[in-house]
Amino acid sequence: MLLALPASRPWRERLRAQRHIRPHVNPLHRRFTAPPLAPAVAAFARAQPLHVDLGCGKGHFCAELAEACPALNVLGLEIREPLAREAQRLARHTANLRFLSGSANACAASAVDALVSGGGGAYLHSVSVQFPDPWPKRRHRKRRIVQPRLVAELVERLPAEGFVFLQSDVEEVALEMRAAFLSCASLCETSLDEEGVASVWNEEEVRWLDERQRPFGEIKTERERQAARRGLPIFRTLLIHKSRGNVESGG
């Protein structure tokens, strides 16, 4: 089920603390691949659907989403520890918001399992990967956040009608992410009309979503706002988990 959201709130004004942070962090460094892969993440007060934003940066998007949707738990995962730590400190009064520092490929699945293990309405509802580091050099492609194992682990945990939202201002990266997730037979590409109703199209046809078809209304990442101000193209796609019957029938 997609999200019905109210207008965005200026939550990001509470996340203005600035510091010098390294723009690139190698996720394959042994620091991120040797146990323990990530610190434990505190359980949410309420058992409710979970959205995970991979590579959340300063956490503006996660914070606004959590505030706009109190019936949704939100986890932001960021490899740069100073950013995740500062965002968590500033978000300590938001009961349905958590930030975790670590490599998505190393700890996203285990973090999701820990947060939904209690059941009672807690499950992975949706995932977003927004403007990830493009790592443009060919020898660095393995450092990109969307890798086959991560895709398989996340899709395995998504229920029917759970969704994955991807966007980038680098078309090559967007195409690569799209192809990686569409390699899973249980996902299909979709778009939203003005009423929020989803329609599926042929995955062989690449059609990027426009701004009005985003599943999060006016809630945007800082990078998305910057790209819009500069008039840069943004390549977006939305993929929904099919029901088991549709997967088995190939529909």
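Throughout, read-outs are computed from the coordinates displayed, never taken from laboratory work. Just so it is clear, the model here is predicted, and its values are computed rather than measured. Neighbour counts are summed over all protein chains in view; Cβ atoms, including those assigned to glycine, are modelled from backbone coordinates with ideal geometry.
Pairs of Cα atoms nearer than 8 Å and 6+ residues apart set the relative contact order; for region 43-249 it is 21 percent.
With both labels modelled 7 Å from their Cα along Cα-to-Cβ, the GLU171 to ALA43 distance reads 4.9 nm. Overall, region 43-249 carries a charge dipole of about 960 debye about its Cα centre when +1 sits on the Cβ of Lys and Arg and -1 on the Cβ of Asp and Glu, all other atoms neutral.
A Förster distance of 22 Å, applied to the separation of the beta-carbon atoms of ALA179 and GLU156, puts the FRET efficiency at 0.75.
Using 0.36 nm per residue and subtracting the Cα-Cα separation, the extra length available between SER110 and ARG212 on full extension is 33.4 nm. Applying 0.36 nm per residue to the separation of ARG229 and HIS93 and subtracting their alpha-carbon distance, the gain on full extension is 45.8 nm.
The simple spin-label model puts a point 7 Å past each Cα toward its Cβ; for GLU205 and ARG85 those points are separated by 5.0 nm.
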